[in-house]
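Scroll down for the structure; my scribbles are underneath it.
Just so it is clear, none of the values below were taken in a lab; they were calculated from the coordinates. Just so it is clear, the model here is predicted, and its values are computed rather than measured. So basically every Cβ, Gly included, is an ideal-geometry build from the backbone, and we count neighbours across all protein chains shown.
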Amino acid sequence: MFKVRVIPCLDVKDGRVVKGVKFLDLRDAGDPVEAAIAYDAAGADELCFLDITASHENRDTIYDVVTRTAEACFMPLTVGGGVRTVEDIRKLLNCGADKVSINTAAVTRRAFVKEAAEKFGDQCIVVAIDAKKVSKLGEKNRWEIFTHGGRNPTGLDAIEYAKEVVSLGAGEILLTSMDRDGTKSGFDIALTRAVADGITVPVIASGGVGSLDHLVDGIREGHATAVLAASIFHFGEYSVRQAKEHMAAAGLPMRLDP
Amino acid sequence: MTTAIVDYGSGNLHSAAKAFERAARDAGLNERVLVTNDPKAVAGADRVVLPGVGAFADCRRGLDAVAGMIEVLDETVIKRGRPFFGICVGMQLMAERGREYVVTQGLGWIKGEVDRITPSDPDLKIPHMGWNTLDTLRPHPLLNGIATGANGLHAYFVHSYQLGVADKGDLVATAEYGGPVTAIVGHDNIVGTQFHPEKSQRLGLALIANFLKWKP
């Protein structure tokens, strides 16, 4: 039976985990590879690295992180952040990433999604969408795509944009609500459902997880096929295993291999 | 003993090599894992692995670009019967034809074509992306000691196309996704998995170890 995925996401800057991962007694809480090994052991279904390295000269640090992770963990890995060219994708895949996530580069040049899918197959091209609600109270729901961490509006409608990138070859959508991100108030269910029901590829719900019930809601109410969370796992509030057992108890199909 | 992993620019080469090294070590096998684009090295290996990730046509082009490799694969695997393991698109390439974006010739080792998955349930998303259990249709040495079925271990899939085998005897295992999806094919000394053993944690490493011990 096909299972729902739980995906911890690590922000990586200059080859180090931002703020560190405090949930386990790691020798080096800032080492993304150690965190990956711990999440692998905890039963994470995939792992996501988001590279937020700003300076150009340090951009190569992510390749080293991905290479070392793939040597130590035999689990699926998605890498995003700063993916702009076919060559960036090739390098990440060669290091051991299974999927790459494209964000701003898809907004600024839609043809990039098509080039990438034709080259590497749609199954490894994830388009990350950061959306913010722009409709006013009482109006019909409308969400707009924002780039640069939610600072730059694009004028693009999130649902129409999701449909467009899927038609170009995106194999998965990583959907983050910028309104909910960091709030711990749960996913934006209306947004998640509107996107998931509007497209044929899997949607990963992201942004706002504060409790294990939020994860269940993302799948059941939001119609996502996977859920992504960062802080609830990193700071030890819940383990990935606990999250999956909670979701299984709620009736969702989960992978609980020993 | 030497296992040659064919290097033709496939994305999962590095992870596949590491998983084979780990599986050999864990199983106490003194296996040399050789990543190579040299047809002579492939011809001299005891086992051959063809990894693969990406679009069918692009992978075929990559394989064609390594001078003499396809001839050596035919010679080593089909004529001389060395154990062969195709992973994901490496498995799909064994088919007669692929229909991803364009029609492309495969190696023709397994009768059948690679075509888009069409689940009976329209709510099921494509790609088939994530963890699924395996339903076995016949026993195979690669599955020795691996729990399959609804309560079995999981394998990691990430694909939109599957190998539709013409001869049902070549089908070893399927995964349920709005109908059976080809998961493992096997024919004499050749075997292939649609899922990624190098990303399938316990099941994957156990399956690779079984391949390294396999004497077809």
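Structure data summary
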{"read-out": "Which listed residue is surrounded by 21 or more Cβ atoms within 10 Å (Cβ to Cβ) and assigned to a strand (DSSP E or B), from A:VAL195, A:VAL227, A:VAL201", "value": "A:VAL227"}
{"read-out": "Residue count for segment A:230-249, restricted to those that are surrounded by fewer than 21 Cβ atoms within 10 Å (Cβ to Cβ) and in contact with a strand residue (DSSP E or B) (Cβ under 8 Å, 6 or more places away or on another chain)", "value": "2"}
{"read-out": "Looking only at segment A:78-99, and only at residues there that are surrounded by fewer than 23 Cβ atoms within 10 Å (Cβ to Cβ) and hydrophobic (A, V, I, L, M, F, W, C), the one that is farthest from A:VAL6 (Cα to Cα)", "value": "A:VAL86"}
{"read-out": "Top-ranked residue of segment A:168-182 - restricted to ones that are within 14 Å of A:ASP130 (Cα to Cα) and of a type outside the set (D, E, K, R), ranked as nearest to the other protein chains (Cβ to nearest Cβ)", "value": "A:ILE173"}
{"read-out": "Candidates B:GLY108, B:GLY81, filtered to the one that is at positive phi and free of Cβ contacts under 8 Å to residues at least 60 places away in the same chain", "value": "B:GLY108"}
{"read-out": "Qualifying residues in segment A:183-235 (those that are touching a His at 6+ places or on another chain (Cβ under 6 Å) and of a type in the set (A, V, I, L, M)) - the one farthest from the other protein chains (Cβ to nearest Cβ)", "value": "A:LEU212"}
{"read-out": "Complete set of residues in segment A:107-125 that are of a type in the set (A, V, I, L, M) and either within 11 Å of chain B (Cβ to nearest Cβ) or within 22 Å of A:VAL227 (Cβ to Cβ) (or both)", "value": "A:ALA116, A:ALA117, A:ILE125"}
{"read-out": "Verdict on A:LEU156 being over 16 Å from A:LEU228 (Cβ atoms), outside any helix (DSSP H, G or I) and not charged (D, E, K, R)", "value": "yes"}
{"read-out": "Checklist (1) more than 14 Å from chain B (Cβ to nearest Cβ); (2) surrounded by 24 or more Cβ atoms within 10 Å (Cβ to Cβ); (3) assigned to a helix (DSSP H, G or I) applied to A:ILE129, failing item", "value": "(3)"}
{"read-out": "Considering residues of segment A:111-127 that are of a type in the set (A, V, I, L, M, F, W, C) and within 17 Å of A:GLY82 (Cα to Cα) only, the residue farthest from the chain's Cα centre (by Cα)", "value": "A:ALA111"}
{"read-out": "Residue in segment A:98-120 that is farthest from B:SER160 (Cα to Cα), counting only those that are of a type in the set (Asp, Glu) and assigned to a helix (DSSP H, G or I)", "value": "A:GLU115"}
{"read-out": "Boolean, B:ARG99 is buried (at least 16 other Cβ atoms within 10 Å of the Cβ), within 15 Å of the chain's Cα centre (by Cα) and among the charged types (D, E, K, R)", "value": "no"}
{"read-out": "Conditions (1) part of a strand (DSSP E or B); (2) of a type in the set (A, V, I, L, M); (3) closer than 22 Å to B:PRO122 by Cβ; number of the one not met by A:ALA170", "value": "(1)"}
